[in-house]
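The values are calculated or read from the model by the stated rules, or taken from the named source; none is laboratory data. Please read these numbers as outputs of a predicted model, since none were measured by experiment. No Cβ is skipped: glycine too gets one built from the backbone with ideal geometry, and neighbour counts run over all protein chains shown.
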Amino acid sequence: MAMEKILENAAEILLLLFLIIVFLQSSIDKVFDWAGNLSWLKEHFSGTPLSNIVPILLMIVLLTEMVSSVLCTIGLYQIAFFNENTLAFYGALLSCLSLLMLLFGQRVAKDYEGAKTIAVYFMPAAFLVYLLQ
């Protein structure tokens, strides 16, 4: 029964929902406000070694976030109905990779407050990887 699987995997499901919300919203924002995001990021990374490749990096982050949210969504379904967590694990792992890319960017831009925020998101994502291993 699905309800039993949901209750048995409540921590994993809650953390997957967290990552789905984070990365689905973030990727939707990037798609619908590409120009605004690109403009802000070009300013944010001006004077850094990343300044000339901001559009490429934004696309890489967007794709990583989209795939992360899709894998987490399918993984949540698989956990709830089939007690299978492989795609959830890959979604959590890719979420961590996305966050590490964002953290790297914040550190390069010397945005230490932004980097601290990314670290807060990284902790539950890394914990989910641990739970799903």
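The residue pairs whose first member lies in segment 32-48 and is touching a residue at least 24 places away in the same chain (Cβ under 8 Å), whose second member is of a type in the set (Ser, Thr, Tyr) and surrounded by 12 or more Cβ atoms within 10 Å (Cβ to Cβ), and whose beta carbons are closer than 7 Å, counting only pairs six or more residues apart or on different chains, are PHE45/SER51.
Within the set PHE45, PHE104, the sole residue that is farther than 30 Å from LEU7 by Cα, modelled with pLDDT of 95 or more and in contact with a Ser or Thr (Cβ under 7 Å, 6 or more places away or on another chain) turns out to be PHE45. Here ILE79 meets the list (1) aliphatic (A, V, I, L, M); (2) within 12 Å of LEU19 (Cα to Cα); (3) touching a residue at least 60 places away in the same chain (Cβ under 8 Å) almost entirely, failing just condition (2).
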